[in-house]
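Just below is one structure, and these are the notes that go with it.
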Amino acid sequence: QVQPVESGGGLVQTGGSLRLSCAASGRTFMGWFRQAPGKEREFVAALSWSGGSTYYADSVKGRFTISRDNAKNTVYLQMNSLKPEDTAVYYCASRYSSFGDYRAQETYSAWGQGTQVTVSS
């Protein structure tokens, strides 16, 4: 399985927006996770190969949108109304199966290197 590659992180003010991209090939179920300083990595969002099923952590629901363009082999995470607590390294992950707990990191077989998102207050 090809390792995903994230891009699009950066520094943004509170209330601002960023769009993360993840280059990933194959018919894969995709997830975004994040790890803030001093905290464990946590689930953010996930979607199926078709894009018809999407899942979000409660902390980002209504602010973040996950989507994919399979023609470009790219998954996106549109982040709006950003808060300082969204500051973290964001990771893209993939797995072939659509079954299993989408929040469970151990079910994903390929991970990107991460991209830093910093939200200033």
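The values are calculated or read from the model by the stated rules, or taken from the named source; none is laboratory data. The structure displayed is predicted, hence computed values, not measured ones. All Cβ positions, even for glycine, are placed from backbone atoms using ideal geometry, and neighbour counts span all protein chains on display. Please note that ligands, DNA and RNA were not included when accessible areas were found on the heavy atoms of the full protein model with its side chains. Shrake-Rupley method; radii C 1.70, N 1.55, O 1.52, S 1.80 Å.
Here the simple spin-label model places points 7 Å from the Cα toward Cβ, and for residue 70 and residue 17 these points are separated by 2.6 nm. Using the Karplus relation 6.51 cos²θ - 1.76 cosθ + 1.60 with θ = phi - 60°, the per-residue 3J(HN,Hα) values for segment 80-93 come to 10, 6, 5, 10, x, 6, 7, 4, 4, 8, 9, 10, 9, 9 Hz, with x marking Gly and Pro. The lysines whose alpha-carbon is closer than 22 Å to the alpha-carbon of residue 83, local same-chain residues fewer than 8 away aside, are 39, 61. In plain terms, the chain from residue 121 to residue 39 could stretch by 27.6 nm, reckoned as 0.36 nm per residue minus the Cα-Cα distance. Annotation: the antiparallel percentage among DSSP beta bridges lying fully within the chain is about 90.
Surface analysis of the chain yields an accessible area of 51 Å² per residue, using protein heavy atoms and a 1.4 Å probe. Surface composition of the chain: carbon and sulfur atoms hold 47% of the protein heavy-atom accessible area at a 1.4 Å probe. In whole Å, what is the distance between the alpha-carbon centres of segment 81-101 and segment 10-26? Spelled out, the Cα-based centre of one part sits 11 Å from the other. In terms of packing, defined here as the mean over residues of other Cβ atoms within 10 angstrom, the peptides 88-94, 107-113 line up highest first as 88-94, 107-113. With each label modelled as a point 7 angstrom along the Cα→C-beta vector, the residue 113-residue 2 pair spans 1.7 nm. Put a dot 7 Å past the Cα of residue 55, heading toward its Cβ, do the same for residue 104, and the two dots end up 1.0 nm apart. Peptides 25-37, 71-83 ordered by packing proxy, namely the average of other Cβ atoms within 10 Å per residue, highest first: 25-37, 71-83. Each Lys and Arg Cβ is given +1 and each Asp and Glu Cβ -1; about its Cα centre, segment 1-89 then shows a dipole of about 160 debye. Ignoring aspartates and glutamates fewer than eight residues from residue 72 along the same chain, the ones with Cα atoms less than 20 angstrom from its Cα are 6.
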